[in-house]
Amino acid sequence: MSAEQVVRVGVLGAGVVGSQVVRLLTEQADELAARVGARLELVGVAVRRPNRHADIPAELLTTDAAALVAREDVDVIVEVIGGIEPTKDLLLTALRRGAGVVTANKALLAEHGPELYATADAVGTDLYFEAAVAGAIPLIRPLRESLAGDRITRILGIVNGTTNYILSAMTADGMGYDEALAEATRLGYAEADPTADVDGFDAAAKAAILASIGFHTRVGAADVYREGISAVSASDVAAAARLGSVIKLLAICERTTATGPDGGPVESVSARVHPVMVPRSHPLAVVDGAYNAVYVEAEAAGRLMFYGPGAGGAPTASAVLGDLVAVARNRVAGGRGPRESAYAALPVQPMGEVLSRYHIDLDVADRAGVLAAVAGAFAEAGVSISTVRQEGRDDDASLVVVTHGAPDAALAGTVASLADLESVRQVTSVMRVMG
Ligand SMILES: NC(=O)C1=CN([C@@H]2O[C@H](COP(=O)(O)OP(=O)(O)OC[C@H]3O[C@@H](n4cnc5c(N)ncnc54)[C@H](O)[C@@H]3O)[C@@H](O)[C@H]2O)C=CC1
Ligand SMILES: N[C@@H](CC=O)C(=O)O
Ligand code: NA
């Protein structure tokens, strides 16, 4: 291709992200052309209601996404519709006829990534998705390319802007949950159905993508243990504050090595999303609002931290545009970006076997023998206690127990036994703690 040539681009969806993609493509047309070595010509934008997009030239708008992806003259499809259907079929159609695809759709990738990759591979075209995890933060490309020579052992961080916005607002401003969610939605951070954010589905999809790339193993959305933030109460926030901590929704992906029956090492991977009490001294504790931050630990590189805006129209469009430039450059140069790398095929460890530390707040009767009964419940499950603190007295007595790391199933069993003790009036807060 020469500088006079063009790469034709079709955009699916012009909502929070898509409208910003169209704006940047238009406003930066000359600079993008100089960077790619060919003009990026926007040839169509599929929308649901054309009358709502006065800022996009009417001749570009179409309600027929299926026709846009099937057009033989469209070189790259940018998908910012979201959801599984009809999006999956639209992208498969585009890939099958050799178009490059750029998508921000983590839900689709976590569920159908292998099929999309295989289709792209079959025709030798590109599938890029930097915006799908941690918005504007360059994370997918560092994992797929920059760190491809290293051995990643852990990926941990805040990957959902909406829940981080809500938890930050509840912690710092004392804002109510519903008000904070409404504000995150108004600012364009939340998914079309914000249940995906607050119940942890969005973060779990991102964890699946990160674990798959980081550990060269297919990890799907269903492999990720998931708890959201809808059960996080003001009393949990207060309990965390008393411990010098804040609550964050973390995605944690780990590669673990155990000793197998023959004495040799047995590797597995795990991926989970749940609220965690994070000490205020930890860098993740100060990641506020819709910002995301992700640690990547690799054997040779050590610990890397990626930080920046994790949601919002313009930041996400930045990642989409970066991918679009990469795909367009590949087409100009006649090359391809990275393919799926799933050769390791490591087993996924069940959550019950994953080591966790718990913070447990108990409302107890303040009388002789209570502490022994509580300690007995931990001992029976083989869970070792790190610290115990008694607060208040008489009718207001509470015990705060922090455990050492133990299998999650043993900890969950201990909490159930504690709730059954006659001397425990109520288990008021149970939260995993960092470490
Ligand atoms: N908003 C954000 O901060 C981020 C969003 N994403 C992802 O980007 C994608 C888009 O997100 P948003 O722009 O926030 O959503 P949005 O709901 O604002 O925009 C989606 C648009 O697609 C349109 N649409 C739906 N089905 C269509 C169809 N069949 N044909 C044409 N148009 C159709 C909708 O009418 C809507 O205007 C999602 O996959 C989301 O998970 C990723 C990172 C951050
Ligand atoms: N709803 C998502 C958007 C970005 O991925 C979030 O809040 O992080
Ligand atoms: Na990103």
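Report the GluC sites (Glu not before Pro) located in the range 254-300 that are in a DSSP loop and have at most 11 other Cβ atoms inside 10 Å of their Cβ, or state none. Walk me through the numbers before you get to the answer.
Details: sites: 254, 267, 297, 299; in loops: 299.
Those satisfying the criteria are 299.
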query = Lys/Arg Cβ at +1, Asp/Glu Cβ at -1, dipole of the range 32-103 taken about the Cα centre: which of 61, 34, 83 is farthest positive-ward?
reply = 83
ask   = On average, how much area does the Cα convex hull of the chain cover when viewed from any direction, in nm²?
value = 23.0
task = Please give the solvent-accessible surface of residue 89 in Å², to the nearest 10, using a probe radius of 1.4 Å with every protein chain present.
result = 80
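Between beta-carbons, use under 10 Å as the cut-off and find the net charge around residue 166, counting Lys and Arg +1, Asp and Glu -1. Could the numbers behind the result be given before it?
Numbers: positive: none; negative: 178, 179, 183, 197.
Charge balance in the 10 Å sphere: -4.
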request  = Can you tell me the 0 to 90 degree angle between the C-alpha axis of helix 370-380 and the longest principal axis of the chain, rounded to 10?
outcome  = 60
ask   = If you rank 266, 427 by how much accessible surface each has, with a 1.4 Å probe, what is the order from largest down?
value = 266, 427
key: Where GluC sites (Glu not before Pro) fall in DSSP loop in the range 45-143, at most 14 other Cβ within 10 Å   = 72
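Kindly report the accessible area of the range 283-322 per residue (heavy atoms of protein chains, probe 1.4 Å, no ligands, DNA or RNA), in Å². Can you show the working numbers first?
Numbers: 1480 Å² over 40 residues.
On a per-residue basis, 37 Å².
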inquiry  = Is there a quick way to get the dipole size of the chain? I mean about its Cα centre, with the Cβ of Lys and Arg at +1 and of Asp and Glu at -1; what is the value in debye to the nearest 20?
reply    = 880
inquiry  = Angle check, please: helix 177-186 long axis (alpha carbons) against the longest principal axis of the chain (alpha carbons), in degrees 0 to 90, nearest 10.
reply    = 10
key: Under-5 Å amide H pairs with residue 385, H placed in peptide plane, nonlocal only   = 404
request  = Mind checking the range 3-61 for trypsin sites (Lys or Arg not before Pro) that DSSP puts in a loop (not H, G, I, E or B) and that have at most 16 other Cβ atoms within 10 Å?
outcome  = 48
query = Leaving out same-chain residues fewer than 8 places away, which lysines sit with a Cα under 22 Å from that of residue 88?
reply = 106, 206
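Kirkwood Rh and Cα-based Rg: tell me the resulting Rg over Rh for the range 352-433, rounded to two decimals.
Working: Rg = 11.8 Å, Rh = 12.4 Å.
Rg divided by Rh gives 0.95.
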request  = State, to one decimal in nm, how far the label point of residue 388 lies from the label point of residue 67, with both points 7 Å from Cα in the Cβ direction.
outcome  = 7.3
inquiry  = Rounded to the nearest 10 Å², what accessible area does residue 434 have for a 1.4 Å probe in the complete protein model?
reply    = 40
task = Report residue 19's accessible area, 1.4 Å probe, all protein chains in place, as a number in Å² to the nearest 10.
result = 30
key: For the range 1-60 and the range 348-399, distance of Cα centres in Å   = 58
task = Mind putting a number on the dipole of the range 54-145 about its Cα centre? Charges go on the C-beta only, +1 for Lys and Arg and -1 for Asp and Glu, and I need it in Debye to the nearest 20.
result = 260
task = Along Cα→Cβ, 7 Å out, is where each label goes; now give me the distance between the ones at residue 267 and residue 59 in nm to one decimal.
result = 5.5
query = Using θ = phi - 60° and the Karplus form 6.51 cos²θ - 1.76 cosθ + 1.60, what ³J(HN,Hα) does each residue of the range 311-323 get, whole Hz, x for Gly and Pro?
reply = 7, x, x, 5, x, 5, 5, 4, 5, 5, 5, x, 5
inquiry  = Just to confirm my numbers, what's the Cα centroid distance between the range 158-183 and the range 91-109 in Å?
reply    = 32
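The values are calculated or read from the model by the stated rules, or taken from the named source; none is laboratory data. These figures come from a predicted structure and were not determined experimentally. No Cβ is skipped: glycine too gets one built from the backbone with ideal geometry, and neighbour counts run over all protein chains shown. To get the accessible areas, we keep the full protein, side chains included, count just its heavy atoms, and leave off ligands, DNA and RNA. Shrake-Rupley method; radii C 1.70, N 1.55, O 1.52, S 1.80 Å.
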